[in-house]
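The values are calculated or read from the model by the stated rules, or taken from the named source; none is laboratory data. Note that this is a predicted model, so its numbers are computed, not measured. Reconstructed Cβ throughout: ideal geometry from the backbone, glycine too, with neighbour counts over all protein chains shown.
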Amino acid sequence: MDVLFIEDDRMNRRVVRDMLDVAGATMIEAEDAETGLHLIDERDFAIVLVDLRMPGMDGITAIRLIRARPDARAQVPVIVVTADTAPDLHARCLEAGADAVIFKPVAMEALFEAMGQVLARGAREGGLIG
């Protein structure tokens, strides 16, 4: 299973990569949203993990652009990974098209639970599972 993680912080990417390695998943890294969107143009991912606060394009904008795609990749499950605790955060992420939100520091159990839920939902709804 290929997972794209769009995150500007190298240490956060490393921690999540180590967790995904345990599950046998392959993590592809993007240091910014623009790079992540280009990677989505090039290949299918089972899940996209995206940070909200990054230099340049933010995660909410990236999610909206993913959902606006004219192809099946618009349906890729998206999980927000953030340290932001704003009261309206969850609602803003869902409105943009995110499937789930987890918080930093990322706990392996929370990551795997969110991944399992969005993959199961996608399978039930006939979504793209790469």
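Of note:
- Count of residues meeting criterion [in a helix (DSSP H, G or I), more than 13 Å from the chain's Cα centre (by Cα) and without any contact (Cβ under 8 Å) to a residue 12 or more places away in the chain] in the stretch 87-103: 3
- Residues that are touching a Lys or Arg at 6+ places or on another chain (Cβ under 9 Å) and β-branched (Val, Ile, Thr) were ranked within the stretch 77-107; the one that is farthest from residue 4 (Cα to Cα) is 82.
- Of 43, 53, 64, all but one fail to be of a type outside the set (A, V, I, L, M, F, W, C) and over 14 Å from the mean Cα position of the chain (by Cα); the exception is 43.
- Every listed requirement among (1) at pLDDT 95 or above; (2) surrounded by fewer than 20 Cβ atoms within 10 Å (Cβ to Cβ) is met by residue 78 save one, (2).
- In the stretch 33-57, the residues that are crowded, with 17+ Cβ neighbours inside 10 Å, touching a Gly at 6+ places or on another chain (Cβ under 9 Å), over 17 Å from residue 110 (Cα atoms) and not aliphatic (A, V, I, L, M): 45
- Only one of the numbered conditions (1) part of a helix (DSSP H, G or I); (2) modelled with pLDDT of 95 or more; (3) over 18 Å from residue 12 (Cβ atoms) is violated by residue 112, and that is (3).
- In the stretch 16-37, the residues that are touching a residue at least 60 places away in the same chain (Cβ under 8 Å) and within 16 Å of residue 113 (Cα to Cα) reach residues that are of a type outside the set (S, T, N, Q) and part of a helix (DSSP H, G or I) with C-beta atoms within less than 6 angstrom, at least six apart or across chains, in these pairs: 19/108; 19/111.
- Single residue of the stretch 87-99 satisfying the filter (small (Gly, Ala, Ser) and closer than 15 Å to residue 58 by Cα) that is surrounded by the most Cβ atoms within 10 Å (Cβ to Cβ): 98
- Filtered by the rule that a residue be in a helix (DSSP H, G or I) and of a type in the set (Ser, Thr, Tyr), the stretch 54-86 gives a lone residue, 61.
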